[in-house]
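Each value in this text was obtained by applying a stated rule to the coordinates, not by laboratory testing. The shown structure was predicted, so the numbers you read here are calculated from the model rather than taken from an experiment. Cβ atoms come from the backbone with ideal geometry, glycine included; neighbour counts cover every protein chain shown.
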Amino acid sequence: MKVIRYDGSFYGLICALAPFLKTRDLPDAIERENASQPSLIAFADESTGTQVTRGLTMSRDPEIFRIPGIAKESWRHAWHAFLSEAQGIEISIARYLLLALEKHGSVDLSLTDDRVRNIHRRARQVLRERHRFMGLLRFRSIGDNLYYASIHSDNFILPVLAPFFVERFADQQWIIHDRRREVAAVYNLQTWTIIERDAADLPADSVCEENSQHLWQCFFAEIAVRERLNLALQQKFIPRKYWHDLIEKPGC
């Protein structure tokens, strides 16, 4: 039985898989070392060109991603699916990439193939949650031009969520803390990085933050039309599991 182990990163997974993909002979199982830790090394995002993760800068087109026969879009589907951290996602990615080699770049048209549908479904799951947090993320001031937000996402979306806020709040320093995995995306006005971060390491809110939150809560309450309150519809778009990280109070 052929079993391979990798370091928990997408880059590490592809490095480990490359010889097997080239010989068209996949391993029987893939195990992640230190499985309790999130996959911190990320595939570079198109919007930034480079991405700094745990002190490592990866180019837009790493050498390992130049396996002939696999389209750029297929790599992106595999990367997004990997961030779902679903059970057995590594072997699913291996089968998907092998099929991509056999299909000579047209794998994503084979929508009836379970190997493709599984990867596409996981990728959509990650991007859907990312899209939600693009609107639900709430920053609060914790210092001079320093802002903090927390999330408790089902998927490891920080690597694809952070670039959006780099563009949106490029003139502010911020921290997006993934409380489930105890890691954080940190932006310092020049680069952003993902580091291990415990909530206990964070400073308290700034003096003006309480007033700012109160004003936002008042605005939220005033624009609500009580006669048209639909809790079921509200929870469809803002599930209860996300309410803890919101400054306003859904359901009121």
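Provide the FRET efficiency to the nearest 0.05 for the residue 104-residue 211 pair, computing r from the beta carbons and using R0 = 45 Å. The partial results should precede the final answer.
Numbers: r = 60 Å, r/R0 = 1.34.
Efficiency at R0 = 45 Å is approximately 0.15.
Expressed in nm to one decimal, what extension gain is obtained for the pair residue 113 and residue 72 from 0.36 nm per residue of sequence separation less their Cα-Cα distance?
Numbers: separation 41, 0.36 × 41 = 14.76 nm, distance 1.95 nm.
Net length gain for the segment: 12.8 nm.
Under the definition of Cα pairs under 8 Å and six or more residues apart, what whole-number percent is the relative contact order of region 107-176? Write down the numbers at each step before the final one.
Numbers: 53 pairs, mean separation 20.4, N = 70.
Once divided by the residue count of region 107-176, the mean separation gives 29 percent.
List 174, 243 from most exposed to least, where exposure is judged by having the fewest other Cβ atoms within 10 Å.
Numbers: 174 24, 243 14.
Going from least to most buried by this count: 243, 174.
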Modelled FRET efficiency - R0 45 Å, residue 244 with residue 33, Cβ distances, 0.05 increments: 0.90
Reachable lysines, given that their alpha-carbon falls under 30 Å from the alpha-carbon of residue 241 and they are not under 8 places away in the same chain: 249
³J(HN,Hα), Karplus 6.51/-1.76/1.60, whole Hz, each residue of region 135-142, x for Gly, Pro: x, 8, 4, 10, 8, 9, 6, 10
Dimensions in Å of region 125-171 - Rg and Dmax from alpha carbons: 11.1, 36
Length added when fully stretched, residue 124-residue 232, from 0.36 nm per residue minus Cα-Cα: 36.5 nm
Reach of residue 2 by Cα under 26 Å, taken over lysines that are not fewer than 8 positions away in the same chain: 22, 103
Label-to-label distance, nm, for residues given as residue 7 and residue 188 (7 Å Cα→Cβ offset): 2.1
Whole-Hz ³J(HN,Hα) from phi, Karplus 6.51 cos²θ - 1.76 cosθ + 1.60, for region 187-196, glycine and proline x: 10, 10, 6, 10, 9, 10, 9, 10, 10, 6
Amide H contacts of residue 5 (H built 1.01 Å from N, under 5 Å, at least 5 apart or other chain): 31
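Please sort 94-101, 221-228, 186-193 by packing, taking for each peptide the average over its residues of neighbouring beta carbons within 10 angstrom, highest first.
Details: 94-101: 21.4, 221-228: 8.0, 186-193: 15.8.
Averaged packing, sorted descending, gives the order 94-101, 186-193, 221-228.
Going by C-beta contacts inside 10 Å, put 15, 218 in order with the fewest on the left. Don't skip to the end; give the middle numbers.
Values: 15 14, 218 11.
Final ranking by Cβ density, sparse to dense: 218, 15.
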